[in-house]
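Peer 1: My questions will all concern the structure given below.
The values are calculated or read from the model by the stated rules, or taken from the named source; none is laboratory data. The model shown is predicted, which means the values in this text are computed figures rather than measured ones. We place every Cβ from the backbone using ideal geometry, glycine too, and count neighbours over all the protein chains shown. Areas reflect the complete protein model, heavy atoms only, side chains present, ligands, DNA and RNA absent. Shrake-Rupley method; radii C 1.70, N 1.55, O 1.52, S 1.80 Å.
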Amino acid sequence: MTEKLLVPDIGDFENVEVIELLVKEGQEIKKNDPIITIESDKSSVEIPSIFSGKIESIIVKVGDKVSKGDLILNISSVDQKVSTSQDVPKNTENLIQEAESSLKKNQEPKKPIQKIENEKPEIIQVVNKGDIDPLETSEWLESLSDVIEKDGNQRAHYLIKELINKAYMEGANIPYTQNTPYINTIPISEEKKSSGDQNIERRIRSLIRWNAAAMVVRANKKFPELGGHIGTFASAATLYDVGMNHFWRAKNNKFGGDLVYFQGHSAPGMYARAFLEGRLNEKQLDSFRQEVNPGGLSSYPHPWLMPNFWQFPTVSMGLGPMLAIYQARYMKYLINRGLIKDEGRKVWAFLGDGEMDEPESLGAIGLAAREKLDNLIFVINCNLQRLDGPVRGNGKIIQELEGIFRGAGWNVIKVIWGSYWDQLLANDKTGHLVKTMNETVDGEYQAMKARDGAYVREKFFGKYPETKELVSSLSDKDIWRLNRGGHDPHKVFAAYDKASKNTGSPTVIIAKTIKGYGMGKSGESVNTTHQTKKLDIDDLMYYRDRFDVPLTDQQVKNIEYYKPDQNSPEIRYIKERRLQLGGFIPERTTYAKSIKAPPKDIFDNMKVSTGKKEMSTTMALVRMLTNLLRDKNVAPPIGPYYS
């Protein structure tokens, strides 16, 4: 009989193009043989036949647009499967049913698992060895996918929550977990695209990288004892660049501005950007870590040492996150009492994964969730290395931090894999790639990034035949280009956009990067990266070539800074972006009106002896504040702080 082969429901493939016909009219085919290849803007898929037989006619051609339910071809089926009662006379059907009933009575009942072993699930997936019913598991997963597709993520979340509650009520022992798979939190379909010029932004980022490294190397060439850090900013450059170009609004006379707590060891990058902006000059860069001299630049962010530049001190480690939490809380306090306008300002804090081991780093995260500080965003740069080695050699710091913050009630956004991984993950039909990502520990990830593409192919993709096959068409160079999420401006932009729009809870963005990114064999992903203060000529040449910095060999040997002409596209772009965002960051300014001093005799009564009556320090403070609050000039600004 003639069967019609239709386009099946394969998810996000509506009105997609036929790019290849894999069969011809008159050809004999078997069930599951590929028929055509269709392609969307994200991936391509081969559609298999669900019949065996001879092709009578092909309806579609290359270039046609097809959707679910469209006719592909007609096939003369040789399947002998009885599909409905219409194919069998009624009397015969009754006889069959009676025979089946009789057989069931004479046979012992079979366990469902024996039947399942001979059946193939429609969706290919990794089968857990402990799964006694893979077909049922597949059906549940398909149902969940349908809910997400038709009703959205919130509905799926609600149903899962209700199932968990029901399981608890029935006495089921559900294992507790706060972790999601080791993949990006934001699916590709939900990524917000940047409107910026990616080519110019990359060139700007490259120049900032070079000048930051040159500043540290030049300082240590002059005074070897100065120290400094190259690797930290090298890993975080994209995280800062996306914020500077698109998200962080400066303070001005019309807007209070976003507040950014910069990670202390990334300070060279902020100086290098200010150099391109024209706010710092070469002489000042050459005074890095020499702040005792006029015009010197402080080692780390410090408003006392550079009162017109840095807003907040963030070293010693651990102080930044705690100060940011209380800053965000205090802003909410002022807004809720009508003392400042709610302008949607955000507090951003940049932290390192090693820094999160400091007690102060995590000491107040519960308060942030309890107070629903949705004006607070943490960005944790997980380059997997601390001062003297790996953060978690035999574990996963990203998963650990996710569990801690999710458990505390934060909105967690993981940015682990860059865009070059998207196609591989889309083609991971068996789930073995995600399985490998989940199983690989940080020590292994670091070892791979210190080697090459061939090593990654063998040690990572070679763990399973399925993952090895997944990259069989990629060269070792292609595999080496597979990037981490924290170095991908598209992924970072999407995360920042999502975090900025979150309401009801604080957000933490956990971004995976490479310590010493671009530094080559001397510093990229090796344990000594953090201590690297000097780069030899070969390293500098590699750094220049890696980021396409337009310097001659001699200029590299002289370790010269590079700053384009004021009318260059790069300088115009960097200034235009900051102009649109209200001004430069970091910058410490004040628009507060001065307060008229109270009269000199305001504390005269406190200078008089109380005689035999003892006065506690608390009571003395109360009297002092009482006198101040009676002054109409002083009372308004200090009253709310002590209410």
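Peer 1: For the Cα atoms of the chain, what angle does the longest principal axis make with the long axis of helix 267-277, in degrees from 0 to 90, nearest 10?
Peer 2: Computed tilt is about 80 degrees.
Peer 1: R0 = 35 Å: FRET efficiency of Arg546 with Asn165, Cβ-based, nearest 0.05?
Peer 2: According to the calculation, E is roughly 0.10.
Peer 1: Would you kindly compute the Cα radius of gyration of the stretch 389-466 and its largest Cα-Cα separation (Dmax), both in Å?
Peer 2: Over the stretch 389-466's Cα set, Rg and Dmax evaluate to 14.0, 41 Å.
Peer 1: Can I ask one more? Amide H of Arg249 versus every other amide H placed in the peptide plane: which residues, excluding those fewer than 5 positions away on the same chain, fall under 5 Å?
Peer 2: Asp258
Peer 1: In addition: Looking at the chain, identify the longest residue range that excludes and avoids all GluC sites (Glu not before Pro) in DSSP loops having at most 12 other Cβ atoms within 10 Å.
Peer 2: Within the chain, the longest run free of exposed GluC sites (Glu not before Pro) spans 226-613.
Peer 1: Do any of Lys332/Lys613; Lys251/Lys396; Lys192/Lys332; Lys251/Lys557; Lys341/Lys596 go past 31 Å between their Cα atoms, and which? Present the calculation step by step, with values, prior to reporting the outcome.
Peer 2: Details: Lys332/Lys613 42 Å; Lys251/Lys396 38 Å; Lys192/Lys332 28 Å; Lys251/Lys557 40 Å; Lys341/Lys596 24 Å.
Going by Cα-Cα distance, Lys332/Lys613; Lys251/Lys396; Lys251/Lys557 fall outside the 31 Å limit.
Peer 1: Need the full-extension length gain, Lys613 to Glu560, defined as separation in residues times 0.36 nm minus the C-alpha distance. One decimal, nm.
Peer 2: Extending this stretch completely gives an extra 11.9 nm.
Peer 1: Let me ask you something else. Evaluate the distance, in nm, between pseudo-label points positioned 7 Å from the Cα of Asn15 and of Lys372 along their respective Cα→Cβ axes.
Peer 2: 4.0 nm
Peer 1: Now, a different point. Leaving out ligands, DNA and RNA, what percent of the accessible area of the stretch 568-643 is carbon and sulfur, probe 1.4 Å?
Peer 2: Answer for the stretch 568-643: carbon and sulfur cover 58 percent of the accessible area.
Peer 1: Take the Cα of Ile174, step 7 Å along the line toward its Cβ, and report every residue of the stretch 379-407 whose backbone nitrogen sits under 16 Å from that point.
Peer 2: 407
Peer 1: Cα axis of helix 90-106 to longest principal axis of the chain: angle in degrees, 0 to 90, nearest 10?
Peer 2: 70 degrees
Peer 1: Considering the zone a paramagnetic label at Glu46 would reach in this model (a point 7 Å from Cα along the Cα-to-Cβ line), which residues of the stretch 4-25 have amide N under 11 Å from it?
Peer 2: From the stretch 4-25, the list is 22-23.
Peer 1: Using Cα centres only, tell me the gap between the stretch 159-198 and the stretch 429-456 in whole Å.
Peer 2: Value for the Cα centre distance between the two parts: 23 Å.
Peer 1: Computed over the Cα atoms, what is the radius of gyration of the stretch 330-377 divided by 2.2 N^0.38 Å, N being its residue count? Intermediate results must be reported in sequence, preceding the final value.
Peer 2: On the way: Rg = 12.9 Å, N = 48, 2.2 N^0.38 = 9.6 Å.
Normalised Cα radius of gyration, the stretch 330-377: 1.35.
Peer 1: At 1.4 Å probe size, with every protein chain present, just tell me what the per residue accessible area of the chain comes to in Å².
Peer 2: Heavy-atom accessible area per residue stands at 54 Å².
Peer 1: Quick check for you: which residues of the stretch 1-27 have the amide N under 17 Å from the point 7 Å beyond the Cα of Asp64 toward its beta carbon?
Peer 2: 3-9, 14-27
Peer 1: Just check the stretch 437-589 against the gyration tensor rule for me: Cα atoms, a ≥ b ≥ c as the square roots of the eigenvalues, rounded for a/c under 1.5, and otherwise prolate or oblate depending on whether a/b exceeds b/c. Walk me through the intermediate numbers first.
Peer 2: On the way: a/c = 2.07, a/b = 1.23, b/c = 1.68.
Note, shape of the stretch 437-589 comes out oblate.
Peer 1: Same structure again: Straight distance only, please: which aspartates and glutamates reach the Cα of Lys254 with their own Cα at less than 17 Å, same-chain residues fewer than 8 apart left out?
Peer 2: Hits, sequence-local ones excluded: Asp342, Glu343, Glu587.
Peer 1: Now a separate question. Quick one, which of (i) 116, 72, 43; (ii) 71, 67, 64; (iii) 80, 72, 64 is the actual Cα extents along the principal axes in Å calculated for this model?
Peer 2: The listed entry that was calculated here is (i).
Peer 1: Quick one: if you stick a label point 7 Å off each Cα along the C-beta vector at Asp601 and Lys193, how many nm between them?
Peer 2: Label at Asp601, label at Lys193, 7.4 nm between them.
Peer 1: Before rounding to the nearest 500, sum -39500 (n - 2.57) across all DSSP H runs of length at least 4 in the chain and divide by the residue total; then give [θ] at 222 nm in deg cm²/dmol.
Peer 2: Only helices count here, giving -11500 deg cm²/dmol.
Peer 1: Something else now. Grab the beta carbon distance between Val622 and Lys222, set R0 = 56 Å, and tell me the FRET efficiency rounded to 0.05. Don't skip to the end; give the middle numbers.
Peer 2: Working: r = 56 Å, r/R0 = 0.99.
Efficiency, from the Cβ-Cβ distance: 0.50.
Peer 1: Around Asp286, what is the net charge, scoring Lys/Arg as +1 and Asp/Glu as -1 over all other residues with Cβ under 11 Å from its Cβ?
Peer 2: +4
Peer 1: Also, I was wondering about something else. At a threshold of 8 angstrom on Cα-Cα distance, excluding pairs fewer than six apart, so keeping six or more, what relative contact order does the chain reach in percent? Don't jump to the answer; show the numbers that get you there.
Peer 2: Values: 992 pairs, mean separation 94.8, N = 643.
Computed over the chain, the figure is 15 percent.
Peer 1: Compute the separation of the alpha-carbon centres of the stretch 564-633 and the stretch 305-328 and state it in Å as a whole number.
Peer 2: Here the two parts' Cα centres lie 17 Å apart.
Peer 1: Looking at the chain, send over the antiparallel percent of its DSSP beta bridges, to the nearest 5.
Peer 2: Antiparallel bridges make up about 55 percent of those DSSP assigns within the chain.
Peer 1: Quick one: order Arg205, Arg279, Arg623 from most to least accessible surface, probe 1.4 Å.
Peer 2: Output order, biggest surface exposure first: Arg623, Arg279, Arg205.
Peer 1: Now for a separate question. Could you please state how large a percent of the accessible area of the stretch 13-73 is carbon and sulfur, counting protein chains only and using a 1.4 Å probe?
Peer 2: Carbon plus sulfur share of accessible area: 46 percent.
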